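The values are calculated or read from the model by the stated rules, or taken from the named source; none is laboratory data. Remember, predicted model here, so these are calculated numbers, not experimental data. Note that each Cβ is placed from the backbone with ideal geometry, even for glycine, and that neighbours are counted across all protein chains shown.
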Amino acid sequence: MQKKIIPEWISVGVLSERTGVAVSALHFYEKKGLIKSQRNAANHRQYPKHVIRIVSLIQVAQRTGFSLDDILAELEGLPNRARVTLEDWEALGSRWKTELDKKITQLTELRDMMTDCIGCGCLSLERCRLLNPYDKLGEKGAGPHLMSQ
Ligand code: FES
C-alpha cells in the first residue's frame with residue numbers, strides 16, 4: 001500500500017478527517033489558542049500539517065483528564081510547536097505521568113473516605129471527611145486556631 005503524502009497546509013475538513021475531531025471542536029481549539037491557522041487567497045482556513053499531531057495530543061490529554069487550559073499551558077511551554085522533538089514528548093509525558101499519579105492518589109483517598117459515608121448521609125462539616133477532606137485545622141478541634149498563633 002502506498003503511503004499518502006500530506007501536503008504542508010491542510011483544510012479544516014482534512015484536519016477533521018485525519019484526527020476524527022469535529023470541525024466545530026477544531027474551531028473551538030483555535031479560539032482557545034491551542035491550534036493556529038492562516039487564511040489562504042480564497043479566505044479559507046489552512047493549518048500547517050504539524051497541527052495533526054497537536055490535535056492528537058489534545059485528544060490523548062483530554063482522555064486522561066487534563067483540561068484544555070492545562071493542555072494550552074503545556075503547549076505554550078514547548079520551544080517550537082511546529083517541530084516537537086522526541087525529548088519534548090518525553091518531558092511532556094513525564095510531567096503528565098506525575099500529574100496522573102497525583103490524581104490517582106487523590107481519587108483513591110476520596111474513594112476510601114467514601115466508605116465511611118455510604119449509608120450515612122449526614123454531610124456534617126465536623127464529621128464527614130468526604131465533604132471536608134483536607135480539614136487539617138479541624139483535627140485540632142473547634143476554635144480559631146490561626147488567630148491564636
Ligand atoms: S456523609 Fe456522614 S460521614 Fe460522610
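Look at Leu110 and say whether it is within 12 Å of the ligand (Cβ to nearest atom), closer than 30 Å to Ile58 by Cα, under 29 Å from the mean Cα position of the chain (by Cα) and at pLDDT 80 or above. Criteria met by Leu110. Under the condition of being of a type in the set (A, V, I, L, M), more than 6 Å from the ligand (Cβ to nearest atom) and within 19 Å of Ala142 (Cα to Cα), the residues counted in the stretch 116-130 number 1.
Given the residues Ala142, Ala82, which is the only one that is among the hydrophobic types (A, V, I, L, M, F, W, C) and touching a strand residue (DSSP E or B) at 6+ places or on another chain (Cβ under 8 Å)?
Working: Ala142 fails: touching a strand residue (DSSP E or B) at 6+ places or on another chain (Cβ under 8 Å).
When all the criteria are applied, what remains is Ala82.
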